[in-house]
1. Checking Thr282 against (1) under 18 Å from Thr351 (Cα atoms); (2) within 24 Å of the chain's Cα centre (by Cα); (3) not small (Gly, Ala, Ser), which test does it fail?
2. Suppose the filter is in contact with a strand residue (DSSP E or B) (Cβ under 6 Å, 6 or more places away or on another chain) and either among the aliphatic types (A, V, I, L, M) or at positive phi (or both); does Val256 pass it?
3. Whether any residue in segment 376-386 is more than 20 Å from Gly163 (Cβ to Cβ) and surrounded by fewer than 22 Cβ atoms within 10 Å (Cβ to Cβ) is what I want to check.
4. Could you tell me whether Ala328 is in a helix (DSSP H, G or I), of a type outside the set (Asp, Glu) and without any contact (Cβ under 8 Å) to a residue 40 or more places away in the chain?
5. Evaluate the following for Ala340: is it open to solvent by 40 Å² or more (accessible area, probe 1.4 Å), out of contact with any His (no Cβ under 6 Å at 6 or more places or on another chain), assigned to a helix (DSSP H, G or I) and among the small types (Gly, Ala, Ser)?
6. Would you confirm, using the coordinates I've provided, whether Thr376 is within 25 Å of Gln293 (Cβ to Cβ) and within 22 Å of the chain's Cα centre (by Cα)?
7. What helices (runs of 4 or more DSSP H) lie completely within segment 90-199 and have 3 or more residues being buried (at least 24 other Cβ atoms within 10 Å of the Cβ), on the phi < 0 side of the Ramachandran plot and touching a helix residue (DSSP H, G or I) at 6+ places or on another chain (Cβ under 9 Å)?
Amino acid sequence: MDPTRLTATEAARAIAAGRLSPAALMEACLARAAEREPAVNAFVHLDPAQARRAAARARPGPLHGIPFGVKDVLDTADMPTGYGSPIWAGWRPRGDSAAVAAARAAGAVIMGKTVTTEFATRHPGATANPRNLAHTPGGSSSGSAAAVADCMLPLAFGTQTAGSIVRPAAFCGVVGYKPTHGALHRAGMKVMAESLDTIGVLARSVADCALAMAAMTGRTMGDPEAKPERAPRFGLTLGHDPGKAAPETVALLHRVAEQARKAGAEVVDFTLTPEMLKAAETHPVLMNMETAQSLAWELNEARAQLSDVLVEKLDWARGLPMAAFREARLAQSAAKLGFARATEGLDALLTPSAPGEAPEGLGWTGDPTFNLLWTTLWGPNVTVPAGTGPKGLPMGVQLVGRIGEDAAVLGWARWLQGAMG
């Protein structure tokens, strides 16, 4: 079998059994990248010789020899870290970010740095959607989603401030896992929004996400492939702005809900609370005001090298009164506190991953409407492929859980895949 088609879990088992070597797996991934990278542009840094050397000295561990992509907002000691901005082009950090260090310690092999939008915000990079090169892969974890979807590597880091893991994963037809906020330490990350930014992973199976997170954190993530003792109870919602959902998205969500019911699940309509609606409304204030604080040096000293769209948003944020910031912070706190009560008796919420298929063109990475509230609430979000839209591009649905219930939500995501057949 072509090693590039293996999931991380399958590859790890093959390596542990001696049927596959880290060097052979890396060679296959490099060959795939050499074939596809000129069209997809998933990497901002890929040095085959360096990747081969790293595979040859891969440490033992649960991720022994598994090629791993690093979104270029996470520092790497042996590769440039540019944060998607010309301001930082060629920057060489002294050390790895905490997340990258954890991946290496678990035996993963850092294959290269994947393309991010500018500072993981709006201005896109050059990456195309491997399912259709005329369409966006989503953002800001564009390169990670595209590289995993196109079998250049099995695992990659993403980060999410609004929808930057879930949306590109859905657009490219892979699994995206945004864990509970802070599950992976953000030291060595170019943090934009202190209250929102979360590091997660993209993979081709739910089990891979559990494997990677357990390996990097030491937490018990369970076995998503294990059959649960009962069927789940899901809350069904189109989120805070249901009018943004394309007709095919609404149809998809209800079709998946019916498939879940046929497999034994109870699926009930879920109504967002006023606190959740307020948190969704104030998310842009919180995100942009915190980003303006994070990028204070760049705004003051290198403004001309920032994109117009970023400058416009941050100037808007800088013009807001601090009372608006306080209001947004309080809204987030209230919604987080109320979410556990509002979802009592439910295992997760079932909701769209994106408004529809990936938009055509590479100038816009898509709308995070169906992600931003769930990011604000700090709990785990998992998107799984759920079919294709009218243009034949991937679509996904996501499960949203309570803070700390990552293992359960991953397990129910795998159950849902089984229910969808």
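1. Of the numbered conditions (1) under 18 Å from Thr351 (Cα atoms); (2) within 24 Å of the chain's Cα centre (by Cα); (3) not small (Gly, Ala, Ser), the odd one out for Thr282 is (1).
2. Details: in contact with a strand residue (DSSP E or B) (Cβ under 6 Å, 6 or more places away or on another chain): yes; either among the aliphatic types (A, V, I, L, M) or at positive phi (or both): yes.
Yes: the conditions hold for Val256.
3. Let us first name the residues in segment 376-386 that are more than 20 Å from Gly163 (Cβ to Cβ), namely none.
For segment 376-386, residues more than 20 Å from Gly163 (Cβ to Cβ) and surrounded by fewer than 22 Cβ atoms within 10 Å (Cβ to Cβ): absent.
4. On the way: in a helix (DSSP H, G or I): yes; of a type outside the set (Asp, Glu): yes; without any contact (Cβ under 8 Å) to a residue 40 or more places away in the chain: no.
No: the conditions fail for Ala328.
5. Numbers: open to solvent by 40 Å² or more (accessible area, probe 1.4 Å): yes; out of contact with any His (no Cβ under 6 Å at 6 or more places or on another chain): yes; assigned to a helix (DSSP H, G or I): yes; among the small types (Gly, Ala, Ser): yes.
Here the answer is yes, as Ala340 does meet what is asked.
6. Values: within 25 Å of Gln293 (Cβ to Cβ): yes; within 22 Å of the chain's Cα centre (by Cα): yes.
Against the criterion (within 25 Å of Gln293 (Cβ to Cβ) and within 22 Å of the chain's Cα centre (by Cα)), Thr376 qualifies.
7. On the way: elements: 98-105, 142-149, 166-172.
Fully inside segment 90-199 and qualifying: 142-149, 166-172.
Residues are listed down the side, and each one gets a yes or a no for (1) over 16 Å from Pro168 (Cβ atoms); (2) not in a loop (DSSP other than H, G, I, E, B):
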| position | (1), (2) |
| --- | --- |
| Ala317 | yes, yes |
| Gln332 | yes, yes |
| Leu350 | yes, yes |
| Pro368 | no, no |
| Gly379 | yes, no |
| Lys391 | yes, no |
| Gly396 | no, yes |
| Ile403 | yes, no |
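The values are calculated or read from the model by the stated rules, or taken from the named source; none is laboratory data. This is a predicted model, so every value here is computed, not measured. Cβ: placed from backbone, ideal geometry, glycine included. Neighbour counts: every protein chain shown. SASA here: full protein model, heavy atoms, side chains in, ligands and nucleic acids out. Shrake-Rupley method; radii C 1.70, N 1.55, O 1.52, S 1.80 Å.
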